[in-house]
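The values are calculated or read from the model by the stated rules, or taken from the named source; none is laboratory data. What you are looking at is a predicted structure, and each value in this text was computed from that prediction instead of being measured. When we count neighbours, we look across all protein chains shown, and the Cβ atoms used for this are built from the backbone with ideal geometry, even at glycine. These accessible areas exclude ligands, DNA and RNA; they are computed on the full protein's heavy atoms, side chains included. Shrake-Rupley method; radii C 1.70, N 1.55, O 1.52, S 1.80 Å.
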Amino acid sequence: MKPYAVIGAGPMGLCTVRNLHKYDIPCVGFEIHGDVGGLWDIDSPTSTMYESAHLISSKKMTEFAEFPMAEEVAPFPHHRELRQYFRDYAREFGLYDLYEFNTEVVHCERDGDDWLITTRCNGEEQTRSFGGLLIANGTLHHPNQPPLPGDFAGEVLHSSEYRDPAIFEGRRVLLVGCGNSGADIAVDAVHRAASVDISLRRGYYFLPKFIGGKPTDAVGGKIRLPRFVQQRVSAALSRFMLGRPSQYGLPEPDYRMFESHPVINSLILHHIGHGDIRPQGDIESIDGHTVTFRDGRSGDYDTILMATGYKLHYPFIDSGHLNWQGFAPGLYLNVFHPQYDNLFLMGMVEAAGLGWEGRNEQAELVALYIRQLSFGADSARRFRDIKRERVALRADGGMNYLQLERMAYYVHKDTYLKALRGHTADLRRDLASRDTGQFVSSAGAAR
Ligand SMILES: Cc1cc2nc3c(=O)[nH]c(=O)nc-3n(C[C@H](O)[C@H](O)[C@H](O)COP(=O)(O)OP(=O)(O)OC[C@H]3O[C@@H](n4cnc5c(N)ncnc54)[C@H](O)[C@@H]3O)c2cc1C
């Protein structure tokens, strides 16, 4: 079997290589940085991590099931612990040997049924042929930076460039956007800046990290409720624990809980309540250091930090290969191309609570499919038909997700996992009947 190429050694790339290896599919991983961990390695040139960042989802809801974090690790560990976790994971499963580090994939093109991959390492380019291509280059690297209405005389930064709150020392700071990064960075700025304002275009739901001493997602994840009940219960819980956004001078969300990603941060509300952070509306115009907001209020600032999210970005492959539909490639389960059987977008998926284990399940399905295709198995033929037929089907579980660019590849966790597990079970059953011995048991069997 010809080797498969994997782009990226973040959590997604790592579990992809792990699963390919587990199912005896030859592969080579490529990573720009000199080590594994993806954006969790703050020293990587491609990382968008900042010093104060911790996990937002709790460790039990996020870790790889076959590689749990140590008991003494806090429920929401610091990014440096997570970098170590991925290094340990890569060592445990022998993944380092399967990667070429300091190597960027610069171009991928079709060559008959194969892929020609051009890489660059130390300025030298090399082109090699692979039997398949798995893209795990991450979704949070290419800044979404909408133009500002006017000329700002101070400094403008995107959250991707932000590392350390020292840059705010004595400055009048305006944060734009209040997603999880925006909220974290506003809280960071409070301790250094002369003033901190945050501009919000729409309302957000806020959730605390802990309820009754337990991580909120672990409590919520244990209770199985119909979707609309879960939305109501969580919204009521948020109101009970933290109050309504409007009580803090923030806009109320005009959508239901979980129709956009909630902000898992109660500290920002604490600081708004103490006058350390002042909420502002959408920006109307900018002139020099003065920013005027839609409600007519204005303020003077030295730094504008745009926490306006990211865009999907695949600069190394012709977009015609990715079946783009609007803001994101149109792929079955966000992974499988309707025509190509050897091209997979790994980790182009976001969901409340999916974690790295959800990504690992995705990687296992892909590896099983490749394995079974190589045997010409019936289950692979069935899956090939399904991925073509259902390419436009979104695993949204009936959620009315906001029509935003960053929500274009959002899925409903339970619906998504159910679909993954159904296909995985079918492919695995078929593989077991082949009696290869090596692959038959459940996840984690063949190291
Ligand atoms: C501040 C912050 C907090 C977060 N908190 C959570 C959380 O609590 N829970 C959670 O589940 N998720 C969280 N995330 C989301 C995060 O994206 C995922 O946890 C995870 O890192 C995604 O893994 P990935 O491998 O898909 O991408 P990444 O970690 O981004 O890794 C992609 C890798 O691909 C490499 N690469 C890119 N292009 C090329 C190329 N052309 N050639 C070679 N290599 C390439 C990059 O160098 C990088 O190492 C957070 C993100 C941020 C920024």
(1) in contact with a Ser or Thr (Cβ under 7 Å, 6 or more places away or on another chain); (2) open to solvent by 60 Å² or more (accessible area, probe 1.4 Å); (3) more than 10 Å from the ligand (Cβ to nearest atom) all hold for L140 apart from (3)
Identify, from the list E51, E109, E66, the residue that is open to solvent by 40 Å² or more (accessible area, probe 1.4 Å), closer than 30 Å to H191 by Cβ and in contact (Cβ under 8 Å) with a residue 40 or more places away in the chain.
E51
Sole residue being over 13 Å from G347 (Cβ atoms) and in contact with a helix residue (DSSP H, G or I) (Cβ under 8 Å, 6 or more places away or on another chain), chosen from C15, C27
C27
Can you pull out every residue in the stretch 66-92 that is within 14 Å of the ligand (Cβ to nearest atom) and not in a helix (DSSP H, G or I)?
M69, V73, A74, P75, F76, P77, H78
Note on the stretch 32-48: residues in contact with a Pro (Cβ under 7 Å, 6 or more places away or on another chain) and either more than 6 Å from the ligand (Cβ to nearest atom) or free of Cβ contacts under 8 Å to residues at least 24 places away in the same chain (or both) are none
Any residue that is open to solvent by 60 Å² or more (accessible area, probe 1.4 Å), farther than 19 Å from D41 by Cβ and not assigned by TED's automatic domain parsing to the domain that holds F210 - is there at least one of those in the stretch 74-91?
no
Identify all residues within the stretch 20-31 that are more than 8 Å from the ligand (Cβ to nearest atom) and within 13 Å of N102 (Cα to Cα); write none if there are none.
G29
Can R202 be described as more than 13 Å from M306 (Cα to Cα), modelled with pLDDT of 95 or more and basic (K, R)?
no
Pairs with Cβ under 9 Å, 6+ apart, first in the stretch 362-391 and without any contact (Cβ under 8 Å) to a residue 40 or more places away in the chain and over 22 Å from L417 (Cβ atoms), second in a helix (DSSP H, G or I) and of a type in the set (A, V, I, L, M)
L373/A380; R381/L373
Take the stretch 165-186 and flag every residue that is touching a His at 6+ places or on another chain (Cβ under 8 Å) and crowded, with 23+ Cβ neighbours inside 10 Å.
A186
